[in-house]
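*Asks:* Would you mind keeping the following structure in view while I ask a few things?
The values are calculated or read from the model by the stated rules, or taken from the named source; none is laboratory data. Values in this document were obtained by computation on a predicted structure and should not be read as measured data. Note: ideal-geometry Cβ built from the backbone for every residue, glycine included; neighbour counts use all protein chains shown.
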2 protein chains.
Amino acid sequence: SVNPDLGSERQTASFSVERLTALLDGGAEQTRIRRAVVEAIESDPVFSRENQYFQTQNERYEAAVKKAVHLQKKMREMGWTENGPEYTYIYRALSGDVAFLLHRVFMRSISVLGSDTQIAKWIPLATQYKLIGSYAQTELGHGTYLQGLETTAVFDTATQEFILNTPKISAMKWWPGDMGRSATHTVVFAQLYIHGKCYGIHPFIVQLRSLRDHSLCPGITAGDIGPKMNFEHIDNGYLLLKNVRVPRENMLSKFCEVRPDGTYVRQGSQQINYFTMTTVRISLISDEVLIPLKKACTIAIRYSVVRRQSKLKPGEQEAKILDYQTQQEKLLPQLAAAYAFHFTNDYLQELLDRGYREIERKNFDVLPELHALSSGFKAMITQHSTAGVEICLRACGGHGYSLLSGLPSLYTKILASCIYEGENTILLLQTARFLIKCFMAASAGQPVPPSVTYLAAVKRGKCPAKNKLDFLSPDIYTEAYQHVAVRLTSSTAAKLQDLIQSGVKKHDAWNQCTVQLVQAAKAHCHYIAVKNFAETVEKLETKAGIQKIMKHLCDLFALHGIFSNTGAFLYDGYTSAAQMDMVTAAYLDLLAVIRKDAVPLVDAFDFTDQSLLSALGSYDGQVYQRLYEWAQKSPTNQMSPAYERYLKPLLHNTLSKL
Amino acid sequence: SVNPDLGSERQTASFSVERLTALLDGGAEQTRIRRAVVEAIESDPVFSRENQYFQTQNERYEAAVKKAVHLQKKMREMGWTENGPEYTYIYRALSGDVAFLLHRVFMRSISVLGSDTQIAKWIPLATQYKLIGSYAQTELGHGTYLQGLETTAVFDTATQEFILNTPKISAMKWWPGDMGRSATHTVVFAQLYIHGKCYGIHPFIVQLRSLRDHSLCPGITAGDIGPKMNFEHIDNGYLLLKNVRVPRENMLSKFCEVRPDGTYVRQGSQQINYFTMTTVRISLISDEVLIPLKKACTIAIRYSVVRRQSKLKPGEQEAKILDYQTQQEKLLPQLAAAYAFHFTNDYLQELLDRGYREIERKNFDVLPELHALSSGFKAMITQHSTAGVEICLRACGGHGYSLLSGLPSLYTKILASCIYEGENTILLLQTARFLIKCFMAASAGQPVPPSVTYLAAVKRGKCPAKNKLDFLSPDIYTEAYQHVAVRLTSSTAAKLQDLIQSGVKKHDAWNQCTVQLVQAAKAHCHYIAVKNFAETVEKLETKAGIQKIMKHLCDLFALHGIFSNTGAFLYDGYTSAAQMDMVTAAYLDLLAVIRKDAVPLVDAFDFTDQSLLSALGSYDGQVYQRLYEWAQKSPTNQMSPAYERYLKPLLHNTLSKL
């Protein structure tokens, strides 16, 4: 029985929800495969997430290992393979609650960095789970600056071994997933020393735990780093190495080799390494960022049509909170962003595929652009989406604050995406460095990559909009975004040059411009996201109301960006105050339009109740019943554990005797 | 042994840290009393928070009850009383980790809403803890809209009792603190019915649990609402009432009484009730908002001078991350805001004291202004401070994400302050309603309260600043803030009138303006905060460098607000683009200036290591050692609980037999 306040929202959809779902999945056949995977996973009680909000860190970890082991069996049963069409949906169906994710990174690093002999030896072992791998790069003292890692690996020609050490506390490996309690092996990144000379960071396969009884190997100190804001199911670990010896063959040697006599040989191109980072950054956008944002929108929007509070019109029934303009202004821009970033992700995937084909033909020219875009968008999308999930949480008031709403854990998990795989500020500065370089090149008439050719065409014009409807024209707002991106890049390039010409050293000048460089990088990504959304909408099927509603969302995404950042558009008079009033009016009008389709738009994300795990966001909208049913299952619902020892003596007035 | 990277920061302080601490405390004598309380609490092992990050919700709750009971004993021992000068420091010293906070609300509600007879009966019982009280207002279906509460209390003339019921699931009481497992009594808010007629919401004292064995009383269903984002130590509860009868004397009857024959009598003024809400909103700013923000600043800034990452200048040592402009731009505005809001809080306290004196003389004229300011500032300060704590967390990268940094729990706790005691959007709209009313009155030449007289004096001028140094003049930036606040209020008032004149109904027109009304309310509060900070600085002692550094912080607070919200200032040309460049330059210059005093400025907050409970923020800055020591204590540091059942069979390749 669906809550009628939710049911009525579905009856007035202006478009076909099923068609939109297929569009998001990349075709109806993909939707079918995805649903089959979800069905298989969710009908299996081992994969249940039912008690998740009530479990301790130890229980969460144990359940994740159990699921990971069971998943191997399930995949064989179902005939799913790692290269099959189902594979991409498994992680989504499990909501990421599974162990051994680093085992895959362990395998990938051997495949990418290992010699053919190493691949032939280790990959079968890993595939058959005769070992459990991890990936030990980050240290207590070093995250983003890899050159600064302090772990050492000294080559001993006498024994043909590397001797690995943690020379000081800051060199301790810290954070590697699956390493705290599960992994038997890991890839350790360490400074290579041969005959006293340092050759920089290299990867070494190191055994951590006995394959017989799981006890720590000699010289190894390892454990769990303790509680975190989320990821309770993962045993992020620490690792201290004391004279740990590994054979010469354990240094991954596709690109660099140490010969028996200690000769160091570099071979092949390492550029492919940067490509790996790019791949990871792009893939995390869909798995770790878009899904939580879409889930948060689903929960908050469904709740907002079921929750009634206060009266909009005197004498009438209390209003659905989504009918309040302020609630629309909180939630609908997040919904528009979820769609915008979905299409940005498609754009990045396509770019990546094209890049991959080029690289296979030994053409590495695309790498700088790909690196700049993947860095900038990783930062921009994680940042916006994290803020978006927080807005959804707060928009649900007190109930959003309960773990049972599902929103707190979505927030605490997505927040991490701003930090891992490149801290966002660092990434934006890498994008900015690319922008400045391309701007200088373009100004000097040199060719630049496609995504930044616009930097060459600096136009001094003004926004031509004459009324609020003009701001629903993609040309108008895309041009405005372009103008801002060009201005911020060119003005920061000018400041940088001025500082250098006035005698400030290059690195100091750079540091003094970083706040503005970050702004320029964000403006660039925002422009590309708006442009890509508008171009995507143009190509959509006009049938079934899909194109029309997507056009509304595109407009909302664009206008929300202007409305929230008016200064950038007003600054040089490109947009006038009167035009900004038109933007505001058009933006507020759009909220009321999209509000009508809000529920169908989140239904199209097609999340099952089990994957949402939310008392507020269930498909049937029986919010209050769910909250009460779930709360009763909490382990805190028993007689007060403080009664006999503390409450009873207090109430019986034996306070003074305590 | 203090980390030398932290120690060196303290040697170059431009001001006396001890004097600044005394200033923040309100005098050296207050500092002395506070430190004595902290010393007494922290030296008592019962109050230890040492294992907090490793405890389950049940363990946290039990510890909080234990502390609450022990506190009664401690207070007697130390000679501390609820009215004594030490009392305000106890909660801070305990970092709020204590039960029975609602017991105090229970007592206050009886004192405020009860008759003299009721006070004489219940207050002594509560004071002696012969019962444990709670406060049951919020329901599953109603939070902000109190008139909509659905619990009923029907008067039965035959038995002279009220019969309390939860007529439907949405009427279930939900959230009351201390009620889930501890309380024996509560104040229930319910719709009063006499002879079938509804008289609205009234408060009733209801017994929940037996005083003999703590079992639930007949007709009562109560329990804990389960896991939340924080507040694990509090047993927020639910309550279902089924024909629960309480005697006529249990309706709190200072303002309304039901006579034996069912006659309803209203007496006295209820205006004082609004005053109570105002008091609570103001008091939570210092206890629940400023302290977490100051702690987060302390942790993030100390960590940022100890953490070295990457090189600012090639060939040199890795740089302290606080030397990067982007890191300064994240943290220093939060530090400036912490000081700004500290002084805003002083301003509100003074206003409240003055208001209280007026009310005692039966003059209620100050209430609307007090209500508007306390609502607006509650919303503005909780919002800014929550965002500030999140920025501090993210600025510490991966280590900030560990619970051991202390930052995640500060964030998850302060976030609740945006929701409780009035959801922020609702509060801002109340402030806006006051602003619009006053603007209309002022425009009509009528007198308005002091804080809004500026609305009458709409000036059309331009910002007179000629260079970046002019923007360090409080007159210049205060005027700019005032201009924006007036513009947003007047333009929204105009939009509202236009809509109404064009035939839109009043309530629809209001709803269509709410996004802009919220902006106006925020601008008003921001203006008052800037103005108050500037006026405070002017009055400070010029000795010991205090005034100078506070002036820098005031400038930073003001310019950061402009820099982050340029559109509001550029919109009508009050500030030109060239002037905005001056703001940017002045703002970025200030970051470098304040960076030098950053550590002394957080030292002045005078938090002990135990109260920070942070591996990153300790006074000695031994960050990495602390993280490692603390992680080793985690209950996750034991042999994998998944080994025997899952890992061993997997690794021994018995997968198929599982």
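*Asks:* Output the residue which, of all residues in the range B:36-81 that are β-branched (Val, Ile, Thr) and farther than 17 Å from B:ASP609 by Cβ, is farthest from the other protein chains (Cβ to nearest Cβ).
*Replies:* Our first condition is that a residue be β-branched (Val, Ile, Thr); within the range B:36-81, this holds for B:37-38, B:41, B:46, B:56, B:65, B:69, B:81.
After this cut, where a residue has to be farther than 17 Å from B:ASP609 by Cβ as well, the list is B:46, B:56, B:65, B:69, B:81.
Details: B:VAL46: 10, B:THR56: 6, B:VAL65: 4, B:VAL69: 5, B:THR81: 16 Å.
Going through the qualifying residues, I end up with B:THR81.
*Asks:* Please give the number of the condition A:ARG266 fails out of (1) touching a residue at least 60 places away in the same chain (Cβ under 8 Å); (2) out of contact with any Ser or Thr (no Cβ under 7 Å at 6 or more places or on another chain).
*Replies:* (1)
*Asks:* I need every pair where a residue in the range B:437-466 that is at negative phi has its Cβ under 8 Å from the Cβ of a residue that is among the aliphatic types (A, V, I, L, M) and part of a loop (DSSP other than H, G, I, E, B), sequence separation at least 6 or different chains.
*Replies:* Every condition considered, the pairs that remain are B:CYS438/B:VAL448; B:ALA441/B:VAL448; B:ALA442/B:VAL448; B:PRO449/B:VAL366; B:LEU455/B:VAL448; B:ALA456/B:VAL448.
*Asks:* Still on this model: Search the range B:551-573 for residues that are free of Cβ contacts under 8 Å to residues at least 12 places away in the same chain and facing another protein chain (nearest Cβ under 8 Å) and pair each with any residue that is assigned to a helix (DSSP H, G or I) and buried (at least 24 other Cβ atoms within 10 Å of the Cβ) when their beta-carbon atoms are under 8 Å apart and the residues are at least 6 apart or on different chains.
*Replies:* Between residues of the range B:551-573 that are free of Cβ contacts under 8 Å to residues at least 12 places away in the same chain and facing another protein chain (nearest Cβ under 8 Å) and residues that are assigned to a helix (DSSP H, G or I) and buried (at least 24 other Cβ atoms within 10 Å of the Cβ), the close pairs are B:GLY567/A:ALA568; B:GLY567/A:PHE569; B:GLY567/A:LEU570; B:LEU570/A:LEU570.
*Asks:* Name the residue, out of A:SER375, A:SER409, that is more than 12 Å from every other protein chain (Cβ to nearest Cβ) and among the polar types (S, T, N, Q).
*Replies:* Values: A:SER409 fails: more than 12 Å from every other protein chain (Cβ to nearest Cβ).
So the residue among A:SER375, A:SER409 that is more than 12 Å from every other protein chain (Cβ to nearest Cβ) and among the polar types (S, T, N, Q) is A:SER375.
*Asks:* Given the structure, is B:VAL366 touching a residue at least 60 places away in the same chain (Cβ under 8 Å), over 28 Å from B:GLN547 (Cβ atoms), in contact with a Pro (Cβ under 9 Å, 6 or more places away or on another chain) and β-branched (Val, Ile, Thr)?
*Replies:* Working: touching a residue at least 60 places away in the same chain (Cβ under 8 Å): yes; over 28 Å from B:GLN547 (Cβ atoms): yes; in contact with a Pro (Cβ under 9 Å, 6 or more places away or on another chain): yes; β-branched (Val, Ile, Thr): yes.
Yes.
*Asks:* Applying the selection to the range A:185-221, what residues are surrounded by 19 or more Cβ atoms within 10 Å (Cβ to Cβ) and facing another protein chain (nearest Cβ under 10 Å)?
*Replies:* A:ARG209, A:HIS214 - these are the residues of the range A:185-221 that are surrounded by 19 or more Cβ atoms within 10 Å (Cβ to Cβ) and facing another protein chain (nearest Cβ under 10 Å).
*Asks:* Quick check: anything in the range B:260-267 more than 30 Å from B:ALA372 (Cα to Cα) and crowded, with 24+ Cβ neighbours inside 10 Å?
*Replies:* Initial filter on the range B:260-267 (more than 30 Å from B:ALA372 (Cα to Cα)): B:260-265.
Those left that are additionally crowded, with 24+ Cβ neighbours inside 10 Å: none.
Among the residues of the range B:260-267, not one is more than 30 Å from B:ALA372 (Cα to Cα) and crowded, with 24+ Cβ neighbours inside 10 Å, which makes the answer no.
*Asks:* Wholly within the range A:543-658, which helices (runs of 4 or more DSSP H) include no fewer than the required count, namely at least 1 residues that are within 27 Å of the chain's Cα centre (by Cα) and not small (Gly, Ala, Ser)? Break it down stepwise before answering.
*Replies:* Numbers: elements: A:546-563, A:566-570, A:577-595, A:598-603, A:609-612, A:623-632, A:648-651.
Those helices (runs of 4 or more DSSP H) span A:546-563, A:577-595, A:598-603, A:609-612.
*Asks:* Please go through the range A:94-104 and pick out each residue that is assigned to a helix (DSSP H, G or I) and surrounded by 21 or more Cβ atoms within 10 Å (Cβ to Cβ). Let's see the steps before the verdict.
*Replies:* Here is the first cut: in the range A:94-104, the residues assigned to a helix (DSSP H, G or I) are A:101-104.
Correct list: A:LEU102, A:HIS103.
*Asks:* If you check A:PRO449, A:PRO464, which single one turns out to be touching a Cys at 6+ places or on another chain (Cβ under 9 Å), away from chain B (no Cβ under 14 Å) and surrounded by fewer than 21 Cβ atoms within 10 Å (Cβ to Cβ)? Explain how you work it out, then say what you get.
*Replies:* Values: A:PRO464 fails: touching a Cys at 6+ places or on another chain (Cβ under 9 Å).
Matching residue, one of A:PRO449, A:PRO464: A:PRO449.
*Asks:* Moving on to the next point. Given (1) at pLDDT 95 or above; (2) closer than 26 Å to A:TYR646 by Cα, identify the lone condition not met by B:HIS202.
*Replies:* (2)
*Asks:* Hey, among B:THR152, B:THR166, B:THR144, which residue is at pLDDT 95 or above, over 20 Å from B:LYS66 (Cβ atoms) and within 13 Å of another protein chain (Cβ to nearest Cβ)?
*Replies:* Details: B:THR152 fails: within 13 Å of another protein chain (Cβ to nearest Cβ); B:THR144 fails: at pLDDT 95 or above.
Just one listed residue meets the conditions, B:THR166.
*Asks:* Testing A:CYS525 on (1) without any contact (Cβ under 8 Å) to a residue 40 or more places away in the chain; (2) over 30 Å from A:ARG49 (Cα atoms); (3) touching a Phe, Trp or Tyr at 6+ places or on another chain (Cβ under 7 Å), one condition comes back false. Which one is that?
*Replies:* Looking at each condition in turn, A:CYS525 falls short on (1).
*Asks:* Sticking with this one: Within 22 Å of A:SER283 (Cα to Cα), of a type in the set (Phe, Trp, Tyr) and assigned to a helix (DSSP H, G or I): which single residue out of A:TYR53, A:TYR91 fits that description? Spell out how you get there, then give the answer.
*Replies:* Working: A:TYR53 fails: within 22 Å of A:SER283 (Cα to Cα).
Answer to the check: A:TYR91.
*Asks:* Output the residues belonging to the range A:473-515 that are in contact (Cβ under 8 Å) with a residue 12 or more places away in the chain and more than 22 Å from B:THR326 (Cα to Cα).
*Replies:* At the first step, the residues of the range A:473-515 found to be in contact (Cβ under 8 Å) with a residue 12 or more places away in the chain are A:474, A:476-493, A:495-496, A:499, A:509-510, A:512-514.
Once the filter is applied, which keeps residues that are in contact (Cβ under 8 Å) with a residue 12 or more places away in the chain and more than 22 Å from B:THR326 (Cα to Cα), the range A:473-515 yields A:PRO474, A:ILE476, A:TYR477, A:THR478, A:GLU479, A:ALA480, A:TYR481, A:GLN482, A:HIS483.
*Asks:* Being in a helix (DSSP H, G or I), surrounded by 18 or more Cβ atoms within 10 Å (Cβ to Cβ) and within 12 Å of chain B (Cβ to nearest Cβ) narrows it down to one residue among A:THR514, A:THR489; which is it? Before the answer, list the steps.
*Replies:* Numbers: A:THR489 fails: within 12 Å of chain B (Cβ to nearest Cβ).
The conditions single out A:THR514.
*Asks:* Taking the stated definitions as given, is A:GLY84 under 25 Å from the mean Cα position of the chain (by Cα), surrounded by fewer than 18 Cβ atoms within 10 Å (Cβ to Cβ) and free of Cβ contacts under 8 Å to residues at least 40 places away in the same chain? Before the answer, list the steps.
*Replies:* Details: under 25 Å from the mean Cα position of the chain (by Cα): yes; surrounded by fewer than 18 Cβ atoms within 10 Å (Cβ to Cβ): yes; free of Cβ contacts under 8 Å to residues at least 40 places away in the same chain: yes.
So A:GLY84 fits the description; yes.
*Asks:* Do we have any residue at all in the range A:262-276 that's more than 14 Å from every other protein chain (Cβ to nearest Cβ) and within 26 Å of A:PHE231 (Cα to Cα)? Give the steps one after another, and end with the answer.
*Replies:* Of all residues in the range A:262-276, those more than 14 Å from every other protein chain (Cβ to nearest Cβ) come to A:262-276.
Then keep just the ones that are within 26 Å of A:PHE231 (Cα to Cα); that gives A:276.
Yes, the range A:262-276 contains at least one residue that is more than 14 Å from every other protein chain (Cβ to nearest Cβ) and within 26 Å of A:PHE231 (Cα to Cα).
*Asks:* Looking at the range B:338-374, which of its residues are at pLDDT below 95, over 14 Å from B:ILE282 (Cα atoms), in a helix (DSSP H, G or I) and hydrophobic (A, V, I, L, M, F, W, C)?
*Replies:* Residue satisfying the conditions is B:ILE359 alone.
*Asks:* For B:ILE414, only one of the following conditions fails: (1) in contact with a Phe, Trp or Tyr (Cβ under 9 Å, 6 or more places away or on another chain); (2) buried (at least 24 other Cβ atoms within 10 Å of the Cβ); (3) β-branched (Val, Ile, Thr). What is its number?
*Replies:* Tallying (1) in contact with a Phe, Trp or Tyr (Cβ under 9 Å, 6 or more places away or on another chain); (2) buried (at least 24 other Cβ atoms within 10 Å of the Cβ); (3) β-branched (Val, Ile, Thr), B:ILE414 fails exactly one: (1).
*Asks:* If you don't mind, another one. Assess whether B:LYS495 counts as being in a helix (DSSP H, G or I), surrounded by 15 or more Cβ atoms within 10 Å (Cβ to Cβ), within 14 Å of chain A (Cβ to nearest Cβ) and over 32 Å from the mean Cα position of the chain (by Cα).
*Replies:* The answer is yes for B:LYS495.
*Asks:* Report yes if B:ASN424 is under 30 Å from B:ALA520 (Cα atoms), of a type in the set (S, T, N, Q) and within 14 Å of chain A (Cβ to nearest Cβ), otherwise no. Even if it seems obvious, please write down each step before you answer.
*Replies:* Numbers: under 30 Å from B:ALA520 (Cα atoms): yes; of a type in the set (S, T, N, Q): yes; within 14 Å of chain A (Cβ to nearest Cβ): yes.
It is true that B:ASN424 is under 30 Å from B:ALA520 (Cα atoms), of a type in the set (S, T, N, Q) and within 14 Å of chain A (Cβ to nearest Cβ).
*Asks:* Kindly list the number of the only condition in (1) more than 9 Å from chain A (Cβ to nearest Cβ); (2) buried (at least 18 other Cβ atoms within 10 Å of the Cβ); (3) closer than 29 Å to A:VAL515 by Cα; (4) not small (Gly, Ala, Ser) that fails for B:LYS596.
*Replies:* (2)
*Asks:* When A:GLU318 is evaluated against the numbered criteria (1) in contact with a Gly (Cβ under 8 Å, 6 or more places away or on another chain); (2) buried (at least 24 other Cβ atoms within 10 Å of the Cβ), which criterion, by number, is the only one it fails?
*Replies:* In the conditions (1) in contact with a Gly (Cβ under 8 Å, 6 or more places away or on another chain); (2) buried (at least 24 other Cβ atoms within 10 Å of the Cβ), A:GLU318 misses (2) alone.
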